[in-house]
Each structure stands twice: as structure tokens, then as C-alpha cells.
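See below for the structure under consideration.
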There are 2 protein chains.
Amino acid sequence: MKAKVFVTLKPGVLDPQGKAIHHSAELLGFGNIADVRQGKYFEVEVNGGATAKEAREAAERLAKDVLANPVIEDYKVELEA
Amino acid sequence: MKAKVFVTLKPGVLDPQGKAIHHSAELLGFGNIADVRQGKYFEVEVNGGATAKEAREAAERLAKDVLANPVIEDYKVELEA
């Protein structure tokens, strides 16, 4: 079972990488892009025997303890059907 | 209008970063994680005047030209309602 984990900076946390991408996009002629924020994306494969509930719990725990820094980042877990 | 862009390594492309995360997770006692692959995630804010079609086109173009390396990476664009 596959879980998708999205990690994004909390609102208000500065994102210099996103700003740099936005600036480059402007220089390249992308006039209608107002803002870019960069996050991280993980595809977590949980062992086959796990139920959907167990898979979600494992992915949530991994996201909280390993993938995200909860001080400055939010995370979201989605299970793939 | 906000577009979400997911960039993932193509299947078959080695992902040492994902492997390192998987290995760390195992050392930390996450026994039921079979695999981890790392990608990138971007939230692209398109200027307000754009229609949904224009916003998607702008985000697709940005993903193809700036955010992803089409030789080794796939990308996916989702418009937020």
C-alpha cells in the first residue's frame, strides 16, 4: 500500500528557495506566476500485510518523526487507493 | 489560483536519498516501511486574472521548463479548486 506524504513550510516561514524559483521564472518570461513555495514529497510503500489504518498510522508517524520538522513544517498524508 | 506541482524520479532511476531515508527509518524501528522515494512538491500561485485553463498551462510550462528535469523526472500538475 502506498502513502503520499507532502511536507510544506508553515505559513509565515520564509521560503528563499521558492523566492529564487519565482525570480528565475520571472526572468524567463513567466509573467503570470505570482508566487512559488517549495515543499517536499515522499512516496512511502508500506508492507503488503498492513491494513489501510495501519498504513496511514505508519506513514503519519514517519512523517512526524523523520520526514518533517514540526517546528517549521506542516505535513499531510494521503493513502493511494 | 493555486496549482500544485509534483516532481518524481522516473521509475528505474536510482533514488539514493529515498534509500537513505528508508534505511534511517529501519534503524529507528519502522519495521513495516517497504520503500521510500523522495520527490519535490511546489505550490505555484498564478495571477488572479487567469482562467483555470491558463493557470494549468502556465503551471505545466513552469514544471516542464524550470521545476523538473524531463530526462530523469516526471511531473504532475493539479489545480486547486
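The values are calculated or read from the model by the stated rules, or taken from the named source; none is laboratory data. Source: prediction; values computed, not measured. When we count neighbours, we look across all protein chains shown, and the Cβ atoms used for this are built from the backbone with ideal geometry, even at glycine. Remember, those area values only see protein heavy atoms, side chains included, never the ligands or the DNA or RNA. Shrake-Rupley method; radii C 1.70, N 1.55, O 1.52, S 1.80 Å.
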Would you kindly calculate the translational diffusion coefficient of region A:2-79, applying Stokes-Einstein with the Kirkwood radius from alpha carbon pairs, for 4 °C and a viscosity of 1.567 mPa s, and quote it in µm² s⁻¹ without decimals? 92
Hey, got the dipole for the protein assembly as shown? About the Cα centre, +1 on K and R Cβ, -1 on D and E Cβ, debye to the nearest 20? 0
Placing a label point 7 Å from Cα toward Cβ, how far apart in nm is B:Lys2 from its equivalents in the other copies, listed shortest first to one decimal? 2.4
Cβ neighbours within 10 Å from other chains - mean over B:19-32: 3
Near the axis that takes chain B to chain A, which B residue has its beta carbon closest, and at how many Å? B:Tyr41, 2
Which of the GluC sites (Glu not before Pro) found in chain A are loop residues per DSSP with 16 or fewer other Cβ atoms within 10 Å of their Cβ? A:Glu80
Counting only other chains, and only Cβ atoms inside 10 Å, what mean value do you get across the residues of A:57-70? 3
For chain B, with every protein chain kept in place, what is the accessible area per residue (1.4 Å probe, Å²)? 54
Solvent exposure, largest accessible area first (probe 1.4 Å, DNA, RNA and ligands not counted), of B:Ile72, A:Ile33: B:Ile72, A:Ile33
Given springs between every Cα pair under 10 Å in a Gaussian network model of chain A, which of A:Asp15, A:Asp35, A:Asp65 has the largest fluctuation? A:Asp35
Kindly write out, for region A:23-37 in residue order, the coupling ³J(HN,Hα) from the Karplus curve 6.51 cos²θ - 1.76 cosθ + 1.60 (θ = phi - 60°), rounded to whole Hz, with x marking Gly and Pro. 5, 4, 4, 4, 4, 7, x, 7, x, 9, 9, 8, 6, 10, 10
What's the buried accessible area, both sides, between B and A using a 1.4 Å probe, rounded to 100 Å²? 2700
Could you work out how far helix B:52-62 tilts from the main Cα principal axis of chain B, as a 0 to 90 degree angle to the nearest 10? 50
